[in-house]
Every structure is written in structure tokens, then in C-alpha cells.
Amino acid sequence: MSSPRIGVLALQGDVREHLRALSAAGAVAVPVRRAAELESVDGLVLPGGESTTIVKLARTFDLLESLRARIKDGMPTYGSCAGMILLADRIDAGGSPLEETFGGIDISVRRNAFGRQVDSFEADVAVDGIDGEPVHAVFIRAPWVEEVGPGATPLGRVTTGDAAGRIVAVRQQHLLATSFHPELTGDGRIHGYFVDMVKGARST
Ligand code: GLN
């Protein structure tokens with residue numbers, strides 16, 4: 001089978017790092033800014049950045065409706081950090097509310113959950129489906145998953161430090177989300193997991 005073609009939503013955020021990690025995991029990785037580019041991909045990564053800005057730009061670029069439609073339609077999509085917020089069905093009232101998200105995962109998330117003072121930190125995360133050592137994860141003004149509804153499955157929890165036990169990775173069928181940034185650490189396992197999800201979706 002040919003390599004899957006996976007887009008990275010390239011409106012704002014750390015696009016280049018995801019493109020690199022996806023290529024390393026065996027995908028043909030392309031930036032996505034237009035509806036035609038979105039139509040051409042088998043799967044999509046929503047990168048970290050600022051979720052409010054990404055939603056605003058998606059509307060400006062006339063991508064919001066097509067993004068929602070493809071996500072609803074079964075396109076494998078992986079959201080990291082701000083991308084997790086965009087895929088969440090509910091945003092906790094504790095953070096400043098987002099007007100609209102893309103939605104799709106039956107979770108509520110809390111934005112900037114680890115505290116605004118703690119801009120970034122690192123911790124180990126045990127992730128179901130990722131063999132070997134726990135994932136050493138980088139969190140940057142990250143959300144956590146406050147509540148998981150019956151549609152979604154918790155995949156990963158922090159195992160070290162003050163945040164131990166917090167859910168920071170979830171899956172719902174073709175949708176995957178992590179609070180952390182695997183594109184920054186050189187550990188390709190999360191991107192590999194997502195590339196496998198995209199391959200699986202193509203073969204069904
Ligand atoms: N705090 C950002 C938000 O709420 C997310 C930060 C990130 O993606 N690194 O959108």
C-alpha cells in the first residue's frame with residue numbers, strides 16, 4: 001500500500017514539527033490551508049498553538065464547515081494541545097470559552113489547566129497502545145481532560161509529578177487527542193500510532 005497522505009492544519013501553531021514527525025513515521029505530510037488541500041488528505045493533524053486563533057482563522061479561510069464535515073465523516077484526525085481543545089465537544093467553564101470548536105470527541109477539557117504560571121513542564125505519560133517506556137511528554141499551557149463521556153476512551157495518564165493521574169490522551173474511533181506535544185521530543189511513537197490509524201481507515 002502507498003504511504004498515506006496526511007495534512008497538518010497550517011493556519012497557526014507548530015506545523016513544521018508535525019510535518020517532520022509525520023514524514024519520519026512514513027506518511028506523505030502536507031500543509032493544509034485550503035479546502036482543496038483538505039480534500040486531498042487521508043488524515044489530518046491539528047497542531048498546538050492558540051485554539052481561539054485557529055478557530056478564527058479557519059472561519060476566515062472558509063475552512064470551518066469543511067473541517068467539521070470531514071471530521072464527522074470519519075477522516076482520522078489527531079489534535080495535540082490546542083488541537084485537543086478543537087476536537088473536544090465541551091470546554092470547561094473555567095477557561096475562557098471558545099465560541100465554537102470542531103468537536104467530535106465526547107470529552108470536556110479545561111484550557112490552561114495546569115495553571116497559567118506553569119507555562120510548560122515535562123512528565124511521563126503511560127499510553128495504551130504505545131509499547132515500551134512511558135512517553136516523556138512536553139506540556140505547554142496545556143489542557144487536561146476533565147471528563148470523559150461514554151463515546152470516548154481515556155488512553156493516557158500522567159504518571160509522574162503533581163499532575164499524576166490526569167487524563168492527557170484520549171481516543172474516539174477515528175479521532176485521537178493528546179494534551180502534550182510529541183512533535184517536540186523526537187519520540188515518534190504517537191505519530192506512528194496515528195499513521196497506523198490512517199492506514200487502518202484506508203484499508204476498511
Ligand atoms: N493554551 C492554548 C489554548 O488554549 C493551547 C496551548 C498549546 O497548544 N500549546 O489554545
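The values are calculated or read from the model by the stated rules, or taken from the named source; none is laboratory data. All values reported here derive from a predicted model rather than from experimental measurement. Don't worry about glycine lacking a Cβ; one is built from the backbone with ideal geometry, like all the others, and counts go over all protein chains shown. Just so you know, the surface numbers come from the protein's heavy atoms only, side chains and all, with ligands and any DNA or RNA stripped out. Shrake-Rupley method; radii C 1.70, N 1.55, O 1.52, S 1.80 Å.
Take the residues in the stretch 110-129 that are closer than 14 Å to residue 163 by Cβ and part of a strand (DSSP E or B); name whichever of them is farthest from the ligand (Cβ to nearest atom). Step by step, filter the stretch 110-129, then rank; the result is 126.
A single member of 19, 38 is free of Cβ contacts under 8 Å to residues at least 24 places away in the same chain, away from the ligand (no atom under 16 Å from the Cβ) and under 17 Å from the mean Cα position of the chain (by Cα), and it is 19.
Here's the yes/no breakdown for (1) within 17 Å of the chain's Cα centre (by Cα); (2) within 19 Å of residue 184 (Cα to Cα); (3) not aromatic (Phe, Trp, Tyr):
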{"position": "30", "(1), (2), (3)": "yes, yes, yes"}
{"position": "34", "(1), (2), (3)": "no, no, yes"}
{"position": "58", "(1), (2), (3)": "yes, no, yes"}
{"position": "62", "(1), (2), (3)": "no, no, yes"}
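Kindly indicate which of 43, 74 is surrounded by fewer than 18 Cβ atoms within 10 Å (Cβ to Cβ), away from the ligand (no atom under 16 Å from the Cβ) and at pLDDT 95 or above.
Sole residue among the options that is surrounded by fewer than 18 Cβ atoms within 10 Å (Cβ to Cβ), away from the ligand (no atom under 16 Å from the Cβ) and at pLDDT 95 or above: 74.
Residues in the stretch 133-147 that are more than 11 Å from the ligand (Cβ to nearest atom) and open to solvent by 70 Å² or more (accessible area, probe 1.4 Å): 133, 136, 146, 147. Every listed requirement among (1) surrounded by fewer than 24 Cβ atoms within 10 Å (Cβ to Cβ); (2) in contact with a Gly (Cβ under 8 Å, 6 or more places away or on another chain) is met by residue 194 save one, (1). Among what's in the stretch 148-183 and is over 18 Å from residue 112 (Cα atoms), polar (S, T, N, Q) and not in a strand (DSSP E or B), pick the residue that is farthest from the ligand (Cβ to nearest atom). In this case the residue turns out to be 173. Residues in the stretch 62-88 that are in a loop (DSSP other than H, G, I, E, B) and of a type in the set (D, E, K, R): 62, 73. All told, residue 80 falls short of being polar (S, T, N, Q), away from the ligand (no atom under 16 Å from the Cβ) and either open to solvent by less than 60 Å² (accessible area, probe 1.4 Å) or over 21 Å from residue 108 (Cα atoms) (or both).
How many residues does the stretch 46-63 hold that are more than 16 Å from the ligand (Cβ to nearest atom) and either touching a His at 6+ places or on another chain (Cβ under 9 Å) or open to solvent by 10 Å² or more (accessible area, probe 1.4 Å) (or both)?
Here the count works out to 3.
With the requirement that a residue be within 17 Å of residue 43 (Cβ to Cβ) and among the charged types (D, E, K, R), what does the stretch 1-16 give you? The one that is within 17 Å of residue 43 (Cβ to Cβ) and among the charged types (D, E, K, R): 5.
Scan the stretch 155-163 and give yes if some residue there is closer than 24 Å to residue 42 by Cα and without any contact (Cβ under 8 Å) to a residue 24 or more places away in the chain, otherwise no. Within the stretch 155-163, not a single residue is closer than 24 Å to residue 42 by Cα and without any contact (Cβ under 8 Å) to a residue 24 or more places away in the chain.
Residues are listed down the side, and each one gets a yes or a no for (1) modelled with pLDDT of 95 or more; (2) within 18 Å of residue 16 (Cα to Cα):
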residue: 166; (1), (2): yes, no
residue: 177; (1), (2): yes, no
residue: 182; (1), (2): yes, yes
residue: 199; (1), (2): yes, no
residue: 203; (1), (2): no, no
